[in-house]
1. Can you spot the lysines whose alpha carbon is less than 21 Å from B:LYS184's alpha carbon? Ignore those fewer than 8 places along the same chain.
2. Summarise the partner chain shielding of B:64-77 as one whole number: the mean count of Cβ atoms from other chains within 10 Å of each residue's Cβ.
3. Suppose accessible area is computed on protein heavy atoms with a 1.4 Å probe; arrange B:MET133, B:MET114, B:MET44, B:MET146 from highest to lowest.
4. Pairs of alpha-carbon atoms within less than 8 angstrom and 6+ residues apart define the contacts here; what relative contact order does the stretch B:89-175 have, in percent?
5. Rank these residues by their accessible area, most exposed first, probe 1.4 Å: B:ARG173, B:ARG112.
6. Using only protein heavy atoms and a 1.4 Å probe, how much accessible area in total is buried between A and B, to the nearest 100 Å²?
7. If packing is taken as the mean number of other Cβ atoms within 10 Å per residue, what is the order of B:273-282, B:248-257, highest first?
8. Going by average Cβ density within 10 Å per residue, which order do the peptides A:103-114, A:27-38, A:272-283 take, highest to lowest?
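The values are calculated or read from the model by the stated rules, or taken from the named source; none is laboratory data. Small disclaimer: the values here were computed from a predicted structure and weren't measured. Note: ideal-geometry Cβ built from the backbone for every residue, glycine included; neighbour counts use all protein chains shown. SASA here: full protein model, heavy atoms, side chains in, ligands and nucleic acids out. Shrake-Rupley method; radii C 1.70, N 1.55, O 1.52, S 1.80 Å.
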Amino acid sequence: MLTIREFDTRAGERFADGEIPGFVHLYVGEEAVGVGACAALEEDDYITSTHRGHGHCIAKGLDPKLMMSEIYGKRDGYCNGKGGSMHIADVDSEMLGANGIVGAGPPLGTGAALSISQKGEDRIALSFLGDGAVAQGQVHEAVNLASTWDLPVVFLIENNQYGEGTAVSDQHNAKNLSDTAAAYDIPGINVDGMDITAVNEAVTEARKRARNGEGPTLIEAETYRFHGHFEGDQELYRDEEEVEDWRKRDPIDTFSERLIERDELSEEELGEMREDIEMEIEDAIEYAKNADDPTPDEAYEDMFSQRVPDIDLFVEQANARADGGTRGGEF
Amino acid sequence: MASAELESQETETMTIREAIRETMREELNRDDDVFLIGEDIGVMEGVLDVTGDLYHDFGPERVRDTPISEAGIIGAATGAAATGSRPVAELMFSDFIGVAMEQTMNQMAKMRYMFGGKIEMPVTVRATEGGGMGAASQHSGTVHTMIAHFPGLMAVAPGTPEAAKGLLRSAIRSDDPVFFFENKMIYEQSGEVPVDEDFTIPLGEANVEREGDDVTVVATQRLVGESLTVADELDGDIDVEVIDLRSLYPLDTDTIVESLDKTGRMVVAGESPLSYGAQAEVVSRAVENAFYSLDAPIQRVGVPDTHIPFGPSLESEVLPDADDVRNAIERIA
Ligand SMILES: Cc1ncc(C[n+]2csc(CCOP(=O)(O)OP(=O)(O)O)c2C)c(N)n1
Ligand SMILES: [Mg+2]
């Protein structure tokens with residue numbers, strides 16, 4: 001949780017300073033959901049993520065250096081600089097991608113679970129989705145397929161109370177999003193998403209069901225994003241008081257206090273952890289800043305598994321342009 | 001570079017973003033059947049700040065925020081249009097058409113025809129296109145070719161504030177479905193716009209933005225401005241005519257042919273991926289209708305069949321710009 005907090009806080013700063021292009025959606029405040037969930041998974045379980053994916057990546061064990069490089073658009077980022085903040089993916093960590101399309105992850109999670117069951121593998125898939133994503137037709141289709149076929153997948157709704165600037169209650173008539181599980185005849189569980197233990201227990205149980213062939217579970221974790229929807233959001237839709245109230249339930253503070261009370265962690269240890277993490281993220285930023293940009297011709301790589309002459313032609317033209325030449329023939 | 005349309009009119013200076021917003025305001029005022037529908041267009045004032053204060057002026061019924069449900073938005077707009085309303089739906093990023101494609105291609109586009117012409121389909125869909133802000137592949141696409149290609153849908157893509165205003169008004173007042181494609185990099189481009197609240201530009205009419213005798217550049221959206229810059233730079237050397245295509249469908253073949261009869265040389269520039277792109281339709285019309293006027297092979301400028309990558313060095317490689325237009329002109333001039 002501390003790593004995510006530090007990573008995203010610093011990424012937000014670097015973005016504000018104009019070092020990072022595009023959009024960044026920060027996970028600050030929601031750390032208990034991603035970490036609680038991924039801690040309940042086995043290493044080779046798949047996850048699908050969302051546009052707010054940094055926390056999921058770190059919780060799944062991705063390297064902050066390579067994440068930061070991706071966010072800076074560098075060649076050795078996870079997607080060779082092609083994806084950026086909204087699209088970090090690492091198949092080697094069974095992390096099937098953050099996603100720029102709201103609601104696009106759950107069908108992929110269902111698909112991963114389908115291949116798991118067809119191959120008889122001992123793992124599961126977990127799809128993170130936002131409260132807003134629940135309004136997408138393809139999410140319904142994904143949950144329906146998974147429940148009809150009893151697939152080993154968990155759908156975890158991160159209800160951070162808003163989709164962009166629209167409150168949950170303006171997007172859904174259902175009181176609890178987990179209630180929608182009834183339509184699929186699967187368990188729908190509502191947990192405190194600011195409490196890492198509660199999330200962890202719910203996902204552990206859901207994983208067990210999935211592995212037992214009992215099909216999917218729909219979990220709704222109630223949480224809150226401390227930052228705007230994206231960095232630069234004017235936040236016209238909520239007041240400071242509401243944000244302050246939720247900040248009092250900071251998942252990192254409450255969990256560390258609990259550990260300290262139980263003598264499982266000391267103030268000094270916590271301080272050391274924070275310092276180490278600050279250094280790790282500082283290193284990641286330095287690394288990313290100094291890493292190489294992809295060269296222009298790399299824009300044409302990775303489209304297909306095979307060479308396509310149509311694209312080769314464009315590469316030749318790109319190289320010719322880089323040499324100061326122009327494309328095309330003489331007339 | 002004021003166009004002929006502007007010469008006899010009272011005008012004011014505004015940006016493309018303002019032109020779009022003010023046209024919607026005027027049409028909301030004029031016709032009670034008009035309403036706006038889309039994600040975060042109200043309280044949040046639009047993700048790209050286009051709807052702005054309209055929600056505060058017209059309230060939640062006329063400026064309707066929705067859940068994140070593009071299939072629902074486009075489908076509901078289609079159903080509402082079929083039953084007497086005049087919705088203006090915002091798709092936000094044009095890439096999200098993927099989610100709404102069913103209602104677009106099988107319902108909105110076909111309903112009138114399949115009902116034997118017994119209904120009207122007065123729906124407008126606004127969507128923002130294009131790369132340039134590091135938004136990566138799922139928020140940077142230019143999809144207007146798909147829409148312009150599909151029978152039963154009209155598609156416009158303005159390159160100036162004036163075109164934005166005149167075309168959006170025509171789109172809203174049209175009894176047929178019109179997609180209005182905005183390019184996100186030119187929202188702040190400003191220019192003269194008629195103040196007349198009935199100013200329209202007919203759907204299917206291109207505009208000669210700059211006259212020239214040597215090479216015709218047919219451009220859309222961001223490439224209109226870039227081509228005008230190139231034309232100025234080449235002035236005295238190569239005399240470039242720049243046409244803002246404005247309407248992708250219907251497509252103004254006459255204006256293109258007339259220009260080609262004069263110049264004999266043509267570059268077609270837009271941000272659609274090249275293969276099977278909107279540029280290709282312009283080339284086909286030119287070849288079919290002005291073949292004997294051609295003095296050189298027609299050149300296309302567009303995105304070279306890739307998605308729009310995130311990293312700045314990659315993104316700028318695939319995005320067509322002024323240099324690409326200049327190179328294309330110089331190859332054939
Ligand atoms: C299909 C689609 N529609 C709209 C958007 C624009 N958009 C990006 S994030 C977002 C809100 C998502 O809300 P939620 O699912 O609750 O996730 P949160 O941002 O709160 O984590 C929207 C509308 C998108 N990326 N994809
Ligand atoms: Mg949300």
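1. Within reach: A:LYS82, B:LYS165.
2. Details: counts 0, 7, 4, 13, 14, 8, 6, 3, 3, 0, 0, 1, 0, 0.
If you average over the peptide's residues, the count of other-chain Cβ atoms is 4.
3. Numbers: B:MET133 60, B:MET114 140, B:MET44 25, B:MET146 90 Å².
Largest accessible area first, the list is B:MET114, B:MET146, B:MET133, B:MET44.
4. Values: 84 pairs, mean separation 30.2, N = 87.
Reported as a whole number, the value is 35 percent.
5. Details: B:ARG173 65, B:ARG112 90 Å².
The residues order as B:ARG112, B:ARG173, largest area first.
6. Numbers: alone 16160 and 13700 Å², together 26210 Å².
Roughly 3600 Å².
7. On the way: B:273-282: 21.1, B:248-257: 19.2.
Top of the packing list down: B:273-282, B:248-257.
8. A:27-38, A:103-114, A:272-283
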